Every structure is written in C-alpha cells, then in structure tokens.
Ligand SMILES: Nc1nc2c(ncn2[C@@H]2O[C@H](COP(=O)(O)OP(=O)(O)OP(=O)(O)O)[C@@H](O)[C@H]2O)c(=O)[nH]1
Ligand SMILES: [Mg+2]
C-alpha cells in the first residue's frame, strides 16, 4: 500500500514522515521534492498466526509513505 501525506506548507508532513519511517528527511521550509520511505506495520497477531501456519518465511506488513511538499491553498470559490 502507498499513502501520501498531504498538507499546507509547514503543516508538519515531513515531521510526521520521519516519525513513521524512523527516517531523517531534512526539515527544510519549502521543500520541492517528495520523500519516499517505508514504515513497518507491527502486528502482534503475526507471530501467533506463524505458530500455526507452516511457512518458511514470515514477512511483516509495510506501508510506503510519500511526503508531499506543502500545497498552497487555492483561492475561494468564484
Ligand atoms: N509545535 C509543533 N511544531 C511542529 C509540529 N510538526 C512539525 N512542527 C514544526 O513545524 C516546522 C515545519 O515542519 P515540517 O515537518 O518541515 O513541515 P512540512 O509540512 O513538511 O513543510 P513543507 O514541506 O515545507 O511544506 C518545523 O520547524 C517542525 O519542527 C507539531 O506537531 N507541533
Ligand atoms: Mg516537508
């Protein structure tokens, strides 16, 4: 699954991105390029299921996050 983090400039998208991905993307105002990272999705049920299902590999779920540079608000309705 891929998920975009969208918000107004300076709203905190990159801060949230770093927190979720344990990343170190630069906190620079007015960034022009998106950051892409992967966040683990911990699920305590996975280990329990793996005990009962015969499998060679157990792979936790992940989610790909895209930190989108701040989008300026549009003007009001015409
Ligand atoms: N007080 C407070 N400050 C925050 C919070 N989240 C982010 N900041 C601060 O707000 C500033 C901008 O944070 P960024 O994460 O770079 O914001 P951004 O939305 O990615 O900014 P752009 O990519 O330039 O649009 C930084 O100085 C952060 O430390 C929050 O939840 N509370
Ligand atoms: Mg940012």
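Bear in mind these aren't lab numbers, they're just calculated from the coordinates by the rules spelled out. Not measured: the values here are computed from a predicted model. FYI the Cβ positions are ideal-geometry reconstructions off the backbone, even for glycines, and counts take in every protein chain you see.
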For this session: Output the antiparallel fraction of DSSP beta bridges having both residues in the chain, as a percent to the nearest 5.
Result: 65
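Please arrange 52, 17 by how many other C-beta atoms lie within 10 Å of their C-beta, fewest to most.
On the way: 52 6, 17 21.
Sorted ascending by nearby Cβ count, the order is 52, 17.
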Problem set entry | Using a Förster distance of 35 Å, the FRET efficiency for residue 51-residue 27 (Cβ separation, nearest 0.05) | 0.25
Problem set entry | Three principal axis lengths of the chain [C-alpha, angstrom, descending] | 59, 32, 16
Seminar exercise, completed: Expected max-MSF residue from 44, 34, 60 in the GNM of the chain (alpha carbon, under 10 Å) is 44
